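The values are calculated or read from the model by the stated rules, or taken from the named source; none is laboratory data. Quick caveat, the model's predicted, so the values are computed rather than measured. Cβ placement follows ideal geometry from the backbone for every residue including glycine, while neighbour counts extend to all protein chains displayed. Side chains included, ligands, DNA and RNA excluded: accessible areas come from the protein's heavy atoms. Shrake-Rupley method; radii C 1.70, N 1.55, O 1.52, S 1.80 Å.
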Amino acid sequence: MATPASLLSRIRGEYLEMPGLRLTFAQACRLWDMEATTCRAVLEELTAERFLHRTEDGAYSVFSGTRPAPANATLPGFRTSRIL
């Protein structure tokens, strides 16, 4: 079962917004209001891509090597300059 990219992106974002977030499978299902099959697929996919890992006590948390990507924004009328 393929999970929608928007759902994966939303969950990644929530983990990155809340450093230290650790959720059990049941907590994740409740938090995101997902049925068990969908929730398991999402958690497995995020674990397979090494964004999340499952701790010894069964909770899912951000993989220690995960770093948020810097934001890229283009603002109209705003010029950037490089300072070296």
Within the stretch 8-37, which residues are exposed (fewer than 15 other Cβ atoms within 10 Å of the Cβ) and aliphatic (A, V, I, L, M)?
-> M18, A26, L31, A36
Hey, any hits in the stretch 49-59 for a residue that's of a type in the set (S, T, N, Q) and modelled with pLDDT of 95 or more?
-> no
Long-range neighbours under 8 Å by Cβ, at least six apart or interchain, first residue closer than 11 Å to L23 by Cβ and open to solvent by 20 Å² or more (accessible area, probe 1.4 Å) within the stretch 38-56, second β-branched (V, I, T) and in a helix (DSSP H, G or I) = R54/T47
